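Right, one structure below, let's go through it.
What follows is calculated from the coordinates using simple rules that are stated; it is not laboratory data. Just so it is clear, the model here is predicted, and its values are computed rather than measured. Reconstructed Cβ throughout: ideal geometry from the backbone, glycine too, with neighbour counts over all protein chains shown.
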Amino acid sequence: MVEKINLKHKINNGGKKGQITLFIILAVVIVASVVLIIVFRDNIFSPSTPAEFSEVYSYYEDCVKQKTLSGLSIAGMQAGYIETPEFEPGNDYAPFSSQLDFLGIGVPYWYYVSGNSIVKEQIPSLSTIEMQLENYLESEIVTCDFSSFRSQGYIINTGKPVVDVKIKNIRVDVSVKENLDIQKGESKVTKSDYNILVDSKFGKFYATAKEIYNKEKQDMFLENYGVDVMYNYAPVTGVEISCAPKIWNPRDVVTNITQGLSANIGALKVKGNDYVLKDKKNSYFVVDVRSDEAVSFMYDSSWPTKIEIWPVDGSMMIAEPVGLESGLGILGFCYIPYHFVYDIYYPVLIQISDRDEIFQFPVAVVIDKSVARNSLKIDTSVENNEIEKLCSYKNTDVKVYTYDNEFNPIEADVSFVCLNQRCNIGKTEISGGDSFISDKFPQCINGRVIARAEGYTIEEQIVSTNEPTTVNIIMSKKYPLNLKLLVDGVEFKPLDEGLAVINFENDKNSFSVAYPSQNKIYLSEGEYNISVQVFSSSSLSVPASSSRQCVESPAPGLGGIFGKTEEQCFDIELPAQTLDNALIAGGKTQEFILESELKGAKQFSISVNKLQSPTSLDKLQQNYELAETSSLGVSII
């Protein structure tokens, strides 16, 4: 009886094992089927693209990729923004505007002090960057040029692209939905979904930038370096043995500080593997942030800087001696105590880069009363509840009309700004030959009515809304033009890392172009200040140097009392560096461009004369000076 039971037990176990084995086999088959479906879904669910059309789709995807790289390049140069925040000027108190002018490009500060003394942050989130890149691609993809294929007999119809972007660490995933119909002869095919992977370190660079910024926000390391420069390059607190007053020229002191900042900020590094410290003392310049990409810090004395010194007697800094009582000077008991207090405001630009890409952002460094700021108080421009308060008190009737330069009605979005607070009013609509909106506005003295319309410049008018009024806004149309740059009569086609920075400055339509990656511009009627700086790859090495400056100061002892002076000198150490790019051409011009010139035009050409390739720092400086005085030639065809 026992043996039968055991036999039955064995039979049951064998059955369970067989069932388990069967389930495992079924699971493997299901998983394999899913994998095969995913891998070959294009062949299973959609017809294969004929070989004669594959070249067109390949071009389209490459065009999307290049547009993506162009958009990322713009965002990298502009602190993560393709569409920069509204510009806010600085003033005498706070020299920083909301953007740092770097090579003619407005780079939004991530941290700055506004003109009304409010500390502000404007750091774009990754989702904001993705959204702006999506908007950029949706407007740029439609410019992909299929003319070469159409000349071969292809009939190509495109739709309106819808783009989704995901920025990853070392790549960007771009998903485009756009019907692209291609026909040649009797063959016709349509494709609407495109998934394009773009190799880019933008996400990695952005993450490194955030880490460096958070380190600065937490430790204020840039301020601490600035305080060290102040103590090493300027008189702050000390005592000197002398019976004659000690005098400093504030201009010289300011010059010394800015030169010290330029040298010391430029020497900063983060922990990484792209350099070797030759001396342990140089670890002072290493910031406690790790990156395997090149990170550089820059300050230039030409950037907006504020340095104020107290006390200043007239136009000089004077320290009076103590101990000049009768007989004490002869015995050598005279001494000069001094204590000066400084306010130092200056920008620092941080760049993360490799040979192909760059991400940069500026921050304002604030040293107040000789002390680094202790905390970061954030004010995001305007609190939402304050906006709601302003916008909820709409009680004045205002009618806004919008026209183009020929008084044709155009529809435009209208907003109203009062005391840095913005209210969205609505959109003008065409009716009876006019385009207008009639609504109630908040009461405000010298508020700004702003009109925006796609393809037109942003226009605004100063209006007081304490009583009913009518506002007429004329908007200038922007015309698309292909941009062509000629250097010594030859089209500029840079090798390696060369590029040209072209600036168009206009009171309504200012922008910068990184040519040739950006070769399309949008111009409206008006007067433009146009400047060009052409850079070519360079290996110009600037060796470490020490410049010596000397000043006349009162001599020690009795001679100083009777006006005797002696020369005192000090050294300024400049570290060695290699310039990757050097200025080889440049110039400026002022042109008034009429709308009649822009209508029907296709190309805007700029001609600039080439300068000598610099072989030394002095010759490079000469090139910059020549670029400021050289003229440009422009033509619209």
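Could you give the radius of gyration (one decimal) and Dmax (whole number) of the Cα atoms in region 384-475, in Å?
12.7, 41
Report the convex hull volume per residue for region 89-221, counting only C-alpha atoms, in Å³. Write out the running numbers ahead of the final one.
Working: hull volume 20.5 nm³, N = 133.
Spelled out: Cα convex hull of region 89-221, divided by residues, is 154 Å³.
What's the local net charge at Ser635, with K and R +1, D and E -1, over the other residues with C-beta under 11 Å away?
-1
Note the full-extension length gain between Asn214 and Gln443 as 0.36 nm times their separation in residues minus their Cα-Cα distance, in nm to one decimal.
Contour length minus the Cα-Cα distance gives 78.4 nm.
Give a residue-ordered list of calculated ³J(HN,Hα) values for region 287-295 (Karplus: 6.51 cos²θ - 1.76 cosθ + 1.60, θ = phi - 60°; whole Hz; x for Gly, Pro).
Running phi through 6.51 cos²θ - 1.76 cosθ + 1.60 with θ = phi - 60° gives 7, 7, 9, 9, 8, 8, 10, 6, 10 Hz.
So, in nm, how far is label Ile430 from label Lys168 when the simple model puts each one 7 Å beyond its Cα toward the Cβ?
4.6
For Ser435, enumerate residues with amide H under 5 Å from its amide H, sequence gap 5+ or separate chain, H modeled in the peptide plane.
Thr402, Ile410
Gain in length, Trp310 to Asp356, computed as 0.36 nm per residue apart minus the alpha-carbon separation, to one decimal in nm? Intermediate values should be presented prior to the final figure.
Working: separation 46, 0.36 × 46 = 16.56 nm, distance 4.66 nm.
Extra length available between Trp310 and Asp356 comes to 11.9 nm.
Could you rank the peptides 589-602, 404-417 by their average count of other C-beta atoms within 10 Å per residue, with the highest value first? List each step's numbers first, then the result.
Working: 589-602: 13.6, 404-417: 16.7.
Ranked from most to least packed, the peptides come out as 404-417, 589-602.
Under 8 Å for C-alpha pairs, at least 6 residues apart: give me the relative contact order for region 493-538, rounded to a whole percent.
For region 493-538, the relative contact order is 50 percent.
With θ taken as phi - 60° and the coefficients 6.51, -1.76 and 1.60, list the Karplus ³J(HN,Hα) couplings across region 129-139 in order, rounded to whole Hz; mark glycine and proline as x.
Residue by residue, region 129-139 yields 4, 4, 5, 5, 5, 4, 4, 4, 5, 4, 8 Hz.
First measure r as the distance between the Cβ atoms of Ser58 and Lys369, then evaluate 1/(1 + (r/R0)^6) with R0 = 41 Å and state the FRET efficiency to the nearest 0.05. Please list the in-between numbers first.
Values: r = 63 Å, r/R0 = 1.53.
Computed FRET efficiency for Ser58 and Lys369 comes out at 0.05.
Amide H of Tyr81: which non-local residues (sequence gap of 5 or more, or other chain) have their own amide H closer than 5 Å, using H built in the peptide plane?
none
Pull up all non-local amide H partners of Val289: gap of 5 or more, or a different chain, and H-to-H distance under 5 Å with H placed in the peptide plane.
Under 5 Å from the amide H of Val289: Lys271.
Tell me, what is the percent relative contact order of region 384-475, built from C-alpha pairs under 8 Å that lie six or more residues apart? Each step should come with its number before you reach the end.
Numbers: 225 pairs, mean separation 32.2, N = 92.
Once normalised by length, the contact order is 35 percent.
Hey, with R₀ at 45 Å, roughly what FRET efficiency would Asp292 and Ser596 work out to, going by the Cβ-Cβ distance, to 0.05?
On the way: r = 55 Å, r/R0 = 1.22.
With a Förster radius of 45 Å, E is 0.25.
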